[in-house]
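The values are calculated or read from the model by the stated rules, or taken from the named source; none is laboratory data. Keep in mind it's a predicted model, so treat the numbers as computed, not measured. Cβ placement follows ideal geometry from the backbone for every residue including glycine, while neighbour counts extend to all protein chains displayed. For accessibility, only protein heavy atoms count, side chains too; no ligands or nucleic acids. Shrake-Rupley method; radii C 1.70, N 1.55, O 1.52, S 1.80 Å.
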Amino acid sequence: MLEDLHEFLLNEKQQAENFGESYSMYHQLHRVLREANVRDEYDVIIVDSAGKAGPILYNALVAVRNVVIPFEATAKGQESIEGLDDLVDGLEQSIDVDVGVLSVLPIGYKDTRDQREILEELRESGFPVPVVIGERGSLMEGCWKQQCSPYRYVEEHRDRKRDYELKTLDQFDELARYLEKQAELEAPEVTA
């Protein structure tokens with residue numbers, strides 16, 4: 001539905017302007033979310049949008065306000081981080097909404113010399129990087145194919161447990177605890 005939202009809001013804006021009224025598309029989205037008590041009903045909202053600038057990304061940023069940015073430790077990935085930082089700054093100024101980068105999540109990391117340099121630059125730039133996820137193509141493809149979480153995939157669809165995949169699951173847990181702390185949420189107690 002986020003894909004069609006931009007067209008709907010543009011139509012509403014044009015109609016308001018035809019009557020001489022001002023209309024901010026992003027303020028309207030924020031108002032609807034506020035009136036629907038979305039923040040009261042949910043501790044966390046996850047929106048997986050396209051990473052490129054456009055209406056879907058703008059609407060997602062307005063809706064959630066805080067982001068975790070998946071990041072490939074490549075020159076192209078580095079450019080996209082810099083571009084998103086500029087986009088977030090511009091969006092904050094134009095719609096007067098604070099958007100926070102809770103974390104940058106390096107994924108597909110292979111520990112090459114170039115990747116180590118890029119990761120170091122990322123950390124020096126001030127972005128929080130609580131965990132670094134190695135290249136897990138087989139795990140991620142399996143999750144997609146089975147349409148399940150990595151936890152369920154390892155538990156139900158693997159014949160044997162792979163230590164590096166179990167380490168990755170631990171890293172996802174570590175990331176979750178970090179994000180809960182950033183959002184000032186208390187994690188439910190897990191019992192075995």
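Largest first, how would VAL38, VAL154 line up by accessible area (1.4 Å probe)? Show your work: numbers first, answer last.
On the way: VAL38 30, VAL154 5 Å².
Solvent-accessible surface, decreasing: VAL38, VAL154.
Round to the nearest 10 and report in Å² the accessible area of VAL101, as given by a 1.4 Å probe over the protein chains' heavy atoms.
Looks like 40 Å² after rounding.
What is the magnitude of the charge dipole of segment 1-64 about its Cα centre, with +1 placed on the Cβ of each Lys and Arg, -1 on the Cβ of each Asp and Glu, and no other charges, expressed in debye to the nearest 20?
Using only the charged Cβ atoms, the result is roughly 200 debye.
I'd like the orientation of helix 25-35 relative to the chain: the angle between its Cα long axis and the longest Cα principal axis, in ° from 0 to 90, rounded to 10.
Roughly 70 degrees between the two axes.
Counting only the heavy atoms of the protein chains, how much of ASP173 is accessible to a 1.4 Å probe, in Å² to the nearest 10?
Taking all protein chains as shown, ASP173 has close to 60 Å².
Could you state how much accessible area GLU121 has, in square angstrom rounded to the nearest 10, with a 1.4 Å probe and all protein chains kept in place?
90
Using a 1.4 angstrom probe on heavy atoms only, work out the carbon and sulfur share of the accessible area of the chain in %.
48
Report the residue, chosen from GLU92, GLU117, GLU141, that carries the largest GNM mean-square fluctuation when the chain is represented by alpha-carbon nodes joined by springs under 10 Å.
Sorting by GNM fluctuation, first place goes to GLU141.
Net charge within 12 Å of LEU10 by Cβ-Cβ distance, Lys/Arg positive one each and Asp/Glu negative one each, not counting LEU10 itself?
Within the 12 Å Cβ shell, the charges total -3.
Which lysines, on any chain, are close to LYS167 with Cα under 26 Å apart, when same-chain ones fewer than 8 places away are left out?
Cross-link targets: LYS110, LYS145, LYS181.
Take the alpha carbon gyration tensor of segment 1-64, find the square roots of its eigenvalues, order them as a ≥ b ≥ c, and report rounded if a/c is under 1.5; if not, report prolate when a/b exceeds b/c, else oblate.
Verdict is oblate for segment 1-64.
How far is helix 75-95 tilted off the main Cα axis of the chain, in degrees rounded to 10, range 0 to 90?
Helix 75-95 and the main axis of the chain meet at about 30 degrees.
Using heavy-atom solvent-accessible surface (probe 1.4 Å) with all chains present, what is the largest-first order of ARG39, ARG136?
Correct descending sequence by accessible area is ARG39, ARG136.
According to the square roots a ≥ b ≥ c of the eigenvalues of the Cα gyration tensor, what is the shape class of the chain, taking rounded for a/c under 1.5, prolate for a/b larger than b/c otherwise, and oblate for the remainder?
It is prolate, given that a/c is not under 1.5 and a/b is the larger ratio.
Per the helix-only calculation at 222 nm, which mean residue ellipticity applies to the chain, given -39500 (n - 2.57) for every DSSP H run of n ≥ 4 and division by its residues, nearest 500 deg cm²/dmol?
So the helix-based figure for the chain works out to -18500 deg cm²/dmol.
Can you tell which of SER24, SER138, SER103 shows the greatest fluctuation in a Gaussian network model of the chain with Cα springs below 10 Å?
In the Gaussian network model the winner is SER138.
Quick one: if you stick a label point 7 Å off each Cα along the C-beta vector at ASP4 and CYS148, how many nm between them?
Rounded to a tenth, the inter-label distance reads 3.3 nm.
Place a +1 charge on the Cβ of each Lys and Arg in the chain and a -1 charge on the Cβ of each Asp and Glu, then give the dipole magnitude about the Cα centre in debye, rounded to the nearest 20.
620
Relative to the longest principal axis of the C-alpha atoms of the chain, give the angle of the C-alpha long axis of helix 55-64, reported between 0 and 90° and rounded to the nearest 10°.
80
Got a sec? What order do ARG160, ARG116 fall in by accessible area at 1.4 Å, biggest, i.e. largest, first?
ARG160, ARG116
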